[in-house]
1. Could you give me the percent of Cα pairs per 10 Å distance bin for region 1-73, shortest bin first, beginning at zero and ending with the bin that holds the maximum distance?
2. Need one number: the % of Cα-Cα pairs in the chain sitting beyond the 23 Å mark.
3. If you count only protein heavy atoms and use a 1.4 Å probe, how large is the accessible surface of Asp169, to the nearest 10 Å²?
4. Can you tell me the orientation of helix 154-163 relative to the chain, as the angle in degrees between its alpha-carbon axis and the longest Cα principal axis, to the nearest 10?
5. Using only alpha carbon pairs under 8 Å that are at least six residues apart, calculate the relative contact order of the chain and give it in whole percent.
6. What does the helix-only formula give at 222 nm for the chain: each DSSP H stretch with n ≥ 4 adding -39500 (n - 2.57), the total divided by the residues, and the result rounded to the nearest 500 deg cm²/dmol?
7. Note down the nm distance, to one decimal, between modelled labels 7 Å out along Cα→Cβ at Phe175 and at Asp163.
8. Once both axes come from the Cα atoms, what is the angle between helix 135-144 and the longest principal axis of the chain, in degrees from 0 to 90, rounded to 10?
Amino acid sequence: LRIAISPDIPPYVMQEAQGGLEVDLIKASFSDHELQFVQMPYADLQTAIGKHRADVSVGVRATDDDVFYSENYLTFVNVAVSKNAAGLELSSIADLKNHRVLTWQNAYRELGDEFETLFGPQSPQRKNYVEVADQTKQVEMFWSADDAVIVIDRNIFSHISKDLGHSLDDVTLHFLF
């Protein structure tokens with residue numbers, strides 16, 4: 001089976017989809033099959049089956065097509081992260097509107113109606129919204145910026161930040177989602 005999966009997002013997908021929590025769950029679920037993992041950007045996962053690029057696609061949202069969707073098997077805890085030095089007070093999604101926000105592809109569709117209204121394609125705040133296909137690059141961009149806010153799963157952020165040599169003592173996690 002060809003399995004469409006995201007680029008590496010440790011601790012879920014690691015070592016070019018050779019390991020990680022999500023990869024291990026998929027291997028256990030399909031233990032009677034030979035698996036070939038095909039990594040692709042988030043934006044391509046949704047259409048991978050329809051375009052015959054994969055037999056199974058993980059990390060997608062259910063739509064009204066002829067594809068079977070499983071129950072969710074992973075729960076992400078998405079947070080907004082700011083550097084302590086920036087001194088940002090973020091207590092609601094609306095507080096993000098005047099800040100540069102770094103997210104994964106199509107995050108505006110996945111983080112609720114308020115977030116979509118704030119950062120959807122027609123929003124004036126869209127100019128402050130940056131989608132990044134590779135979450136390692138997303139975290140690198142956050143650490144190299146002075147005033148950016150990153151919206152990301154807390155485990156992905158923690159793992160990549162530690163790999164990059166950054167201390168989590170230097171940031172504040174804002175649980176807005």
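The values are calculated or read from the model by the stated rules, or taken from the named source; none is laboratory data. Predicted, not measured: the structure shown is a model, and the values here were computed from it. Cβ coordinates were reconstructed from backbone atoms using ideal geometry, including for glycine residues, and neighbour counts include every protein chain displayed. With ligands, DNA and RNA removed, areas are computed over all heavy atoms of the protein, side chains included. Shrake-Rupley method; radii C 1.70, N 1.55, O 1.52, S 1.80 Å.
1. Bin by bin from 0 Å, the calculated values are 20, 57, 22, 1.
2. Tail of P(r) above 23 Å: 43 percent of Cα pairs.
3. 130 Å²
4. 80 degrees
5. 27 percent
6. Helix-only estimate at 222 nm: -6500 deg cm²/dmol.
7. Going by the 7 Å Cα→Cβ label model, 2.6 nm.
8. 20 degrees
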